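The values are calculated or read from the model by the stated rules, or taken from the named source; none is laboratory data. Please read all numbers here as calculations on a predicted model, not as lab measurements. Here Cβ is always computed from backbone atoms with ideal geometry, including for glycine, and neighbour counts include all displayed protein chains.
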Amino acid sequence: MTMTDHESARAARERRRPVLRAAMPARASLLAALALGVLAAGSAVALLATSSWLIARAAEQPPILFLGFAIVGVRAFALGRAVFRYLERTVAHDGAFRSLASLRVAIFRRLLPLAPDGVRGVRRGDLLTTLVRDVDTLQDLPLRVAQPLVSGGIVAGLAVVGVAWLSPVAAAVLALGLVATIAAALGILRLLSRAADARVAPLRARLADAVLEYVTRWEVLNAFGAAEERRASILDLDGALRRAQTRQSAAAGSVAALFTLGAGATALATLVSVEPALSTGALSGPQFALLVLVPLAVLEVAAALPLAMTAWWRVRASADRIVAAVPEHVPSEIPRPPAAPAPPPLTATPLTLRAVTARWPGQSAPAMAPLDLELGPGDRVVVEGPSGAGKSTLAHVLVRFLDHEGDYLLGGIDVRELDPDEVRRHVVLCEQAPHLFDTSIRQNLLFARDTATDAELLDVLDRVGLGEWCRERGGLDAAVGERGRLVSGGEAQRIALARALLSSAAVLVVDEPTANVDPARAESLLLELVSAIGDDRAVVIISHTPVPDRLVTQRIRVTATG
């Protein structure tokens, strides 16, 4: 590796370290699980050693009292192996699940200040895979990496020392068999599995994203004849993922076979190497049987060591993907809560913008030219301009998804002194494609005000022209489907507007309210919208289509900086 490669690898390790540290259980839980793992693996080796000695010694037909200690040992180690394994699994998994729960909460907390504009470069399916599959994979760090390495390493080392007490030659053979088998297994894994491990997580994310896009946009894809092509692409990704996972399984099977072969070969080599000591009487028959059979148990315990490396490669890849999807630092273009927020304003009006501009995360140039705006109760402002001029940028500035340059005052208070969530209690955005949750109409409205009664919900639906539509669908319990698939685009916008009206926001920002209706219905829809909002609130309407003068009190035009 070149110096640049070393620096890049070191930087990657530094970025993933906080994620890996968060995936580890609490120290007490981790140490308890490791100790129990050592006891369980040690009991398995001791059980085989004791039982082999007992069987061989019993064949010599000594007085039964000479076998009592070994009989008790066999029973104790048999029970200990099961009990310690159960306790180890319980403690280790409990600690791992608790740490993952904390990690998920930490990731969501880090994403909240970023969303939606700070994660614009991350595809929804990719982010979904990162938050579910990749976080789940991190449980392998304590369970399939730390646990096998510690317990397997300690038990294998103690076994070699114990064998050396009886026969240094047998201990040397056992150590050589362990080293040779583990080295060969690592070679197989590097040859067959490492590349596949690195490919599985990205392929899984791409497949999830492709399936999600196909399911959510099937109508559009089918209308334009692209559904078959996307389906073929999904099948190609599924085939690539299946081949990578098959390669992983082939590597794991090869390693298992190799350790079985290694255990037999080590036992055979031990038999040959210590047989002279048996012939000369330096070793008894039971001791000879113990030395020959112990490698079978030790190699079985050590078989988890190479597989821990494959688990580590998967954990490392998932940690890197989490770091990439969830930046450690909030971009400067995304608003941050002040250390000591100012008291919330009594009202959102007047809302004042002076020479306000903004830029998207990662962009050096502003997305719109400086803009002035003054809003009071009952104002109806239309924001006009060509595509790309900055209309959506303005909407995101008003609700504090994006930070800004210039002055933005809310009720006479600079919004930088307020918590962004507080600003969004006073200024609400109704997007062109609003998000509807896969639940009933009632629940989609109650997100705005959970104390609203059914009468109030029906009243607000009547105000936006959906009262009769709701009753025809079966009332407030009617489902809207995932992301509003069971309603039209215009109906989804009206539900979002009803949700905004239920809130206590004094300023409503409505983005392209006529985008999902035909031109003949556009003017009547705007009239219904303005009438529904009432004179006690201000509204900012972002529209490509013309808005009649009689419906507005002010027009502003945004222009791009270029």
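Within the range 334-357, the set of residues being under 30 Å from D535 (Cβ atoms) and assigned to a loop (DSSP other than H, G, I, E, B) comprises A342, P343, P344, P345, L346, T347, A348, T349, P350. Report, by residue number, each residue of the range 247-264 that is hydroxyl-bearing (S, T, Y) and within 18 Å of A196 (Cβ to Cβ). Answer for the range 247-264, where residues must be hydroxyl-bearing (S, T, Y) and within 18 Å of A196 (Cβ to Cβ): S249, S254.
Within the range 460-489, the set of residues being in contact with a Gly (Cβ under 8 Å, 6 or more places away or on another chain) and β-branched (V, I, T) comprises V487 only. For the range 299-311, the count of residues that are part of a loop (DSSP other than H, G, I, E, B), in the same structural domain as D134 (by TED's automatic domain parsing) and not acidic (D, E) is at least one.
Matching residues to (1) under 28 Å from R242 (Cβ atoms); (2) at pLDDT below 90:
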site: V105; (1), (2): no, yes
site: G121; (1), (2): no, yes
site: G125; (1), (2): yes, yes
site: V132; (1), (2): yes, yes
site: T137; (1), (2): yes, yes
site: I154; (1), (2): no, no
site: G162; (1), (2): no, no
site: A184; (1), (2): yes, no
site: R194; (1), (2): yes, yes
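Selection within the range 210-232: residues that are among the charged types (D, E, K, R) and within 28 Å of F437 (Cβ to Cβ). The member of this set that is farthest from the chain's Cα centre (by Cα) is E219.
Residues in the range 397-422 that are surrounded by fewer than 22 Cβ atoms within 10 Å (Cβ to Cβ) and assigned to a helix (DSSP H, G or I): R416, E417, P420, D421, E422. In summary, G467 fulfils each of the numbered conditions (1) within 37 Å of the chain's Cα centre (by Cα); (2) on the phi < 0 side of the Ramachandran plot with the single exception of condition (1). Scanning the range 358-392 for residues that are in a strand (DSSP E or B) and buried (at least 18 other Cβ atoms within 10 Å of the Cβ) turns up L371, L373, L375, R380, V381, V382, V383. Exactly one residue among L291, L283, L271 is out of contact with any Phe, Trp or Tyr (no Cβ under 7 Å at 6 or more places or on another chain), buried (at least 18 other Cβ atoms within 10 Å of the Cβ) and assigned to a loop (DSSP other than H, G, I, E, B), and that residue is L283.
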